[in-house]
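The values are calculated or read from the model by the stated rules, or taken from the named source; none is laboratory data. On a predicted model such as this, the values are computed, not experimentally measured, just so you know. Heads up, the Cβs are rebuilt from the backbone with ideal geometry, glycines too, and the neighbour counts pull from every protein chain shown. Calculation scope for accessible area: heavy atoms of the full protein, side chains included, ligands and nucleic acids excluded. Shrake-Rupley method; radii C 1.70, N 1.55, O 1.52, S 1.80 Å.
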Amino acid sequence: MCFIRKGLIVIILFLISLNIFSEDFFRVKEKIVRESWKKISFIYLYPKLSIRNIGYSNNIYLLERDSEPDWTADLGFQMILSSIFLNRFIFQIDEFPYYSFYAKNKNERSFNNEFRFNVYSYVGFLNLKYQFEKLYIRQRPTGEFGRRVRQNLINHTFSLDFGNHNTFFLSLYLNQKRIKYSEELYIDEYNLSNFLNHKEYWGGIGLNKIIFSRTILSLDFDYFEQDFDYSKERNRIGKQVSIGIQFPEISSIRGGFQYGVRIYEPSNPLYENFTKPFGSGDISIKLFRRLKLNFNYKIDNIFSYWQVNSTYNQKSAGAGIEYYFSRKFKLGYRHRDNKLSFIDLYKGIEIREDNFYTNSVYIGIKLFKKMGIGIEYSRYRGDSTEPGFKRSYDFIGGYIIHEF
């Protein structure tokens, strides 16, 4: 055992001494140095002022059965603190407190906070990252929700890359997530804590190939478990395989997409195993310097708060266009369609369908660097085969953006 221990120490010291490093660490370092607002001693500062959803909505609850108009605003200040230690470690704290204001409905006012702590490092060909995430937020967690609800989330993720980020590399990750809901009843009927509080465990391996420039083609294999606190009949495990493409930030095409197949194995013997497609994507294409196109989609299977034995398949797709009249002025339009198909897990049949869409037009004005202000009008309409779930709202207001 002593011989093995000494051998491991020698190997580790040898890896640390190598001059061939995973490039991802240095890209993170380069981005910190380039984008930071100011450096004080060994700390890099990156502040962001956030003003969102400031304006008037004729229905803050979305559902028509409890329609309520109000003036709203989400006001916050984000600060990212980064430190580079011995050119071997990067420590990063991302703190984002914000306040959701409602002029009339004081019970909807809430303080929110998003906290993240990241550690980056490398050893030879190995690139390492650990992230701790703690969110205390009031939001609509999924497309099924109309009202905002209080959600507490704690997330631990450890990831490891091995190989050359300019040619081919292998990626591994482990993730543990804890999700809790504070409200006892949602719209006076549904117990969110009882149905939705749970833990998730994920692990996966990915094969990544640079196909041109810095564009990455990935093949991923993942395993997961969902363990519910109270509704144990919802527990399930699953496996999935997917293919994805990630475009570099420096190209005219940015973003990426993923598409795959997921196998669900419920622990409840009364539920059948089933297989569903899944995926997500968000891609922007810049043309002729003045025109920008955006495309996005999401496919998933999610547990519903509506009935303990129901999940729903979500299929959503959106597209948008922005035209830059100058470097400081743009006009944009977005459209998004969503379809939620609710499934009875006992019978394996569809028992409800929701369809809704959103149209938005907006104007953006650049103030300096990447910061700008904008005015937006959004129209949201939705219907359901189940009575009581019809939705609609109109919103007009402003925002501050950090990416022009």
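Before moving on, here are some points about what is shown:
- Of all accessible heavy-atom area on the stretch 277-404, the percent that carbon and sulfur account for (1.4 Å): 60 percent
- Note on the chain: with a GNM built from Cα contacts shorter than 10 Å, the maximum mean-square fluctuation among F368, F125, F389 falls on F368.
- Structure note, pairs K104/K330; K29/K177; K180/K347; K129/K177; K199/K390: Cα-Cα distances above 25 angstrom occur for K104/K330; K29/K177; K180/K347; K199/K390.
- Working note: 222 nm ellipticity from helices only, DSSP H runs with n ≥ 4, each -39,500 (n - 2.57), summed and divided by the residues of the chain, gives -2500 deg cm²/dmol to the nearest 500.
- Loop-resident chymotrypsin sites (Phe, Trp or Tyr not before Pro) (DSSP state other than H, G, I, E or B) in the stretch 182-267 with no more than 14 further Cβ atoms inside 10 Å of their Cβ: Y230.
- The stretch 24-130, relative contact order in percent, only Cα pairs under 8 angstrom and at least six apart counted: 21 percent
- Spin-label pair I205/I373, simplified geometry with 7 Å Cα→Cβ offset, distance in nm: 5.4 nm
- A 1.4 Å probe run over the protein chains yields, for the chain, 54 Å² of accessible area per residue, whole-number rounding.
- Options Y136, Y190, G146, ranked by Cα towards positive dipole end of the stretch 53-191, top entry (Cβ charges): Y136
- Carbon and sulfur %, accessible surface of the stretch 57-216 computed with the full protein complex present, 1.4 Å: 60 percent
- About the Cα centre, charge dipole magnitude for the chain (Lys/Arg +1, Asp/Glu -1 at Cβ), debye: 1760 debye
- Simple Cβ-charge dipole of the stretch 23-162, Lys/Arg +1 and Asp/Glu -1, about Cα centre, in debye nearest 20: 320 debye
- Scaled to the globular estimate 2.2 N^0.38 Å, the Cα spread of the stretch 231-381, given as radius of gyration, is 1.34.
- For the chain, with +1 on Lys and Arg beta carbons and -1 on Asp and Glu, the positive-most of G260, S41, Y305 along the dipole: S41
- Dipole magnitude of the stretch 94-244 about its Cα centre (Cβ charges: Lys, Arg +1; Asp, Glu -1), debye to nearest 20: 300 debye
- For the pair the stretch 326-371 and the stretch 174-214, the centres of their Cα atoms are 21 angstrom apart.
- In loop segments of the stretch 166-252 as defined by DSSP, the GluC sites (Glu not before Pro) with at most 13 further C-beta atoms inside 10 Å of their C-beta are E184, E189, E249.
- FRET efficiency, V308 to F132 (Cβ-Cβ, R0 41 Å, nearest 0.05): 0.80
- Identified option (computed mean projected area of the Cα convex hull in nm²; candidates (1) 19.8; (2) 18.7; (3) 22.9): (3)
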